[in-house]
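Scroll down for the structure; my scribbles are underneath it.
The values are calculated or read from the model by the stated rules, or taken from the named source; none is laboratory data. On a predicted model such as this, the values are computed, not experimentally measured, just so you know. With ideal geometry, Cβ positions are generated from the backbone for all residues, glycine too; neighbour counts draw on all protein chains shown.
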Amino acid sequence: MVFRNLFRSKSLATTSSVLISCLFLLVIGTMTTVSHLESRREYHDQFENLGKSFAVQMQANSDLVVTAYDRLKNNKGSDDSSFKIMQRQLEAMVQGSAIRNAYLFMPERSGGNELVTMQSSLELAGEGLTPGAVYKMESYFLTGYEQAMKDGAALTEPFVDTIGEWISYLAPIKDDSGKVIALFGVDFDNGEVEHKLLRMLLESIGMAALFLLGTIVIVAIMLRVALKPLRRLAELSRMAAQGDLTVSVPVTSGNEIGQAAESFNAMIVSLRDLAVQIHRNSAEVAASAVHLQESAGQTAEATQEIVDAIQQVASGADTQLQSSQECQRAMTEMTIGIQRIAESSTLVSELAAESAASASDGRSVMGKAVEQMRVIERELHESVEVISELKQLGDNIGEITSLITDISNQTNLLALNASIEAARAGEHGKGFAVVGQEIRKLAERSRVSSDQIQSMLEGIGQYTAKAAESLERSREDARTGSAAAGEAGEMFGSIVASTRRVSEQVQEISASSQQMSAGSEQIAASMLELETIATTSSQHSDRVAASSEEQLASMQAVAGAADQLRVLADGLQQAIDRFRV
């Protein structure tokens with residue numbers, strides 16, 4: 001996304017130059033890398049070929065190797081001439097070549113990763129690697145040893161020690177019977193080779209950079225020359241976009257850019273003709289819109305006057321209809337009210353007669369109730385006296401239980417003294433002690449029972465007192481109720497006389513209400529006919545008013561559309577005026 005936005009803001013020449021440069025850089029980098037790897041592989045092939053040729057020379061002198069092998073195998077020492085001849089051969093290998101060291105080892109391993117030295121070049125001999133010396137193999141050398149013994153030759157991986165970076169070539173030396181009698185090896189100075197490869201790589205990179213820089217400059221110049229007509233086309237396009245339709249692009253070639261220029265010129269001609277035509281049409285539309293707006297305005301004013309007149313007529317019809325409906329409702333309600341008054345008057349008359357009879361019967365019943373309340377009052381008084389006597393008896397029983405408690409306490413004390421005396425009497429007082437204990441138990445049970453009786457008597461006394469209070473209140477309520485019942489009896493007498501007079505007045509009201517009901521029904525029929533006429537008039541007025549309002553709305557819409565059309569025509573005229581043709 002970042003690169004895409006970056007390229008969008010750059011010119012086509014810059015973008016193309018960058019892309020082509022990146023492509024050249026990728027190709028040159030790939031080629032340089034491949035060349036570097038190929039050079040390293042060629043050096044390694046040279047190492048292997050050179051080591052193989054020296055191994056062939058050493059194999060040709062296998063008789064010396066066999067002699068040295070036998071002497072070291074049999075612990076006869078290394079003072080034989082064969083060791084000196086082998087050392088001169090090994091030293092000759094390291095002179096004037098990439099080989100730094102040459103050596104021979106006994107093929108047998110001891111301790112897993114140790115070899116016995118058979119002979120070495122002078123530099124290694126000076127470092128202690130003399131015939132019979134033990135050499136401890138590192139992991140990289142051990143891997144090469146195993147591969148050489150298996151495949152007949154091996155080139156180790158590059159390794160580094162305190163002196164430099166090396167690659168070793170290893171090959172077994174065999175006798176005439178094919179038995180391996182020694183391991184031949186040479187060390188190549190891989191550090192010097194890598195230094196040469198690095199120098200070659202840097203030279204290649206420098207040459208590639210110069211070539212890439214020259215290529216970029218040439219491509220940039222070619223792109224700028226090729227894209228110059230396109231920049232001119234872009235500049236003229238901006239002028240056309242700003243309204244100048246008189247521009248024209250010179251066509252100088254027949255390639256894609258020239259074809260684009262021809263298409264641009266044809267587009268400008270078409271736009272110029274279109275702008276002229278639109279300019280004429282917009283002027284005609286503006287004039288028509290003004291004329292239509294004026295006509296629509298006059299028609300809308302006339303329609304508005306008609307609508308106002310129709311609305312006044314419809315308003316008067318609605319008012320008349322509402323008045324007729326209100327009168328109709330009032331007369332209907334009046335008729336219903338008069339009928340209800342007549343019905344209620346008849347019902348009230350009947351109820352008044354019934355109330356007079358019921359009041360007379362109630363007066364008799366209240367007399368009996370007064371007498372019964374007096375009997376209840378006397379019985380309640382007697383119940384209060386009985387409850388008082390019960391309370392007194394309960395108090396007497398409580399005194400008796402207190403006496404029993406005192407006696408049980410004294411008996412218990414006597415039984416305790418008897419037990420003490422029986423204990424003093426020893427064996428003769430055991431029977432008396434048993435009797436004393438039983439007496440004490442009975443005394444204790446008597447005390448407990450008397451306490452329970454005392455508790456129950458206290459509860460009975462409390463409830464008896466409450467009952468006496470309740471009966472006393474009931475006797476007072478009965479006395480009050482008896483007095484109220486007497487007063488109610490007298491009121492019933494007054495009610496009977498009043499009810500008879502009300503019944504007579506209600507009968508007169510009922511007759512008058514029936515006459516009023518007949519007159520109101522006639523008035524209601526007349527008002528119903530008047531309401532029907534007013535409703536018809538109002539409906540016709542509403543339809544006429546609705547049609548007039550719809551016509552007015554249509555004319556207003558036409559006037560608005562005409563005004564909008566005029567505004568659009570003016571805007572189109574202004575837009576066309578921006579173009580220079």
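Can you name the number of the only condition in (1) under 58 Å from the mean Cα position of the chain (by Cα); (2) over 30 Å from Gln574 (Cα atoms) that Ala240 fails?
(2)
In the stretch 89-98, what residues are buried (at least 19 other Cβ atoms within 10 Å of the Cβ) and touching a Phe, Trp or Tyr at 6+ places or on another chain (Cβ under 6 Å)?
Met93
Against the condition of a type outside the set (A, V, I, L, M, F, W, C), surrounded by fewer than 16 Cβ atoms within 10 Å (Cβ to Cβ) and at negative phi, how does Thr162 come out, does it pass?
Criteria met by Thr162.
Spot the failing condition for Thr532; the list is (1) modelled with pLDDT of 75 or more; (2) over 30 Å from Gln339 (Cα atoms), and only one is missed.
(2)
From Ser364, Ser349, Ser345, grab the single residue that is at pLDDT 70 or above and crowded, with 16+ Cβ neighbours inside 10 Å. Give the steps one after another, and end with the answer.
On the way: Ser364 fails: crowded, with 16+ Cβ neighbours inside 10 Å; Ser345 fails: at pLDDT 70 or above.
After applying the criteria, what remains is Ser349.
Taking the stretch 383-437 on its own, how many of its residues are at pLDDT 80 or above and either of a type in the set (D, E, K, R) or not assigned by TED's automatic domain parsing to the domain that holds Glu472 (or both)?
Within the stretch 383-437, residues that are at pLDDT 80 or above and either of a type in the set (D, E, K, R) or not assigned by TED's automatic domain parsing to the domain that holds Glu472 (or both) number 2.
Would you confirm, using the coordinates I've provided, whether Met118 is part of a helix (DSSP H, G or I) and in the same structural domain as Asp187 (by TED's automatic domain parsing)?
It is false that Met118 is part of a helix (DSSP H, G or I) and in the same structural domain as Asp187 (by TED's automatic domain parsing).
If I go through the stretch 279-289 residue by residue, how many of them are under 59 Å from the mean Cα position of the chain (by Cα) and either crowded, with 16+ Cβ neighbours inside 10 Å or of a type in the set (Asp, Glu) (or both)?
Qualifying residue count for the region: 5.
Name, by its number, the condition in (1) without any contact (Cβ under 8 Å) to a residue 40 or more places away in the chain; (2) surrounded by 17 or more Cβ atoms within 10 Å (Cβ to Cβ) that does not hold for Glu38.
Condition not satisfied by Glu38: (2).
Tally the residues that are of a type in the set (Ser, Thr, Tyr) and modelled with pLDDT of 80 or more, restricting the search to the stretch 14-68. Working first, answer last.
Within the stretch 14-68, the first condition is being of a type in the set (Ser, Thr, Tyr), and the residues that meet it are 14-17, 21, 30, 32-33, 35, 39, 43, 53, 62, 67.
Those still in the list that are modelled with pLDDT of 80 or more too: 30, 33, 53, 62, 67.
Of the residues in the stretch 14-68, 5 are of a type in the set (Ser, Thr, Tyr) and modelled with pLDDT of 80 or more.
Quick one: Ala133 ticks every box in (1) small (Gly, Ala, Ser); (2) at pLDDT 90 or above; (3) surrounded by fewer than 18 Cβ atoms within 10 Å (Cβ to Cβ); (4) closer than 16 Å to Val186 by Cα except a single one, so which number is it?
All conditions pass for Ala133, except number (4).
From the list Gly185, Gly254, Gly243, which one is in contact (Cβ under 8 Å) with a residue 40 or more places away in the chain and not assigned by TED's automatic domain parsing to the domain that holds Ile28?
Details: Gly185 fails: not assigned by TED's automatic domain parsing to the domain that holds Ile28; Gly254 fails: in contact (Cβ under 8 Å) with a residue 40 or more places away in the chain.
Unique residue meeting the criteria: Gly243.
Here is a list of conditions, (1) under 23 Å from Val65 (Cα atoms); (2) part of a helix (DSSP H, G or I); (3) at pLDDT 90 or above, and Thr143 meets all of them except one; can you say which number that is?
(1)
Given the criteria surrounded by 14 or more Cβ atoms within 10 Å (Cβ to Cβ) and either over 60 Å from the mean Cα position of the chain (by Cα) or at pLDDT 75 or above (or both), does Thr480 qualify?
The answer is no for Thr480.
Test Lys174 against the criterion of being basic (Lys, Arg), closer than 30 Å to Leu25 by Cβ, surrounded by fewer than 18 Cβ atoms within 10 Å (Cβ to Cβ) and in the same structural domain as Asp79 (by TED's automatic domain parsing), and give yes or no.
Considered against the rule, which asks whether it is basic (Lys, Arg), closer than 30 Å to Leu25 by Cβ, surrounded by fewer than 18 Cβ atoms within 10 Å (Cβ to Cβ) and in the same structural domain as Asp79 (by TED's automatic domain parsing), Lys174 comes out as no.
Would a scan of the stretch 253-264 turn up a residue that is within 23 Å of Ala575 (Cβ to Cβ) and either in contact with a helix residue (DSSP H, G or I) (Cβ under 9 Å, 6 or more places away or on another chain) or in a helix (DSSP H, G or I) (or both)?
Yes: the stretch 253-264 contains one or more residues that are within 23 Å of Ala575 (Cβ to Cβ) and either in contact with a helix residue (DSSP H, G or I) (Cβ under 9 Å, 6 or more places away or on another chain) or in a helix (DSSP H, G or I) (or both).
Can you pull out the residues in the stretch 81-96 that are part of a loop (DSSP other than H, G, I, E, B) and basic (Lys, Arg)?
none
Which of the residues that make up the stretch 65-88 are crowded, with 19+ Cβ neighbours inside 10 Å and either closer than 12 Å to Gln119 by Cα or not assigned by TED's automatic domain parsing to the domain that holds Ala182 (or both)?
Hits for the stretch 65-88 are Val65, Ala68, Tyr69, Leu72, Ser82, Phe83, Met86, Gln87.
What single numbered condition from (1) assigned to a helix (DSSP H, G or I); (2) in contact with a strand residue (DSSP E or B) (Cβ under 6 Å, 6 or more places away or on another chain); (3) closer than 30 Å to Glu165 by Cβ fails to hold for Pro107?
Unmet for Pro107, out of (1) assigned to a helix (DSSP H, G or I); (2) in contact with a strand residue (DSSP E or B) (Cβ under 6 Å, 6 or more places away or on another chain); (3) closer than 30 Å to Glu165 by Cβ: (1).
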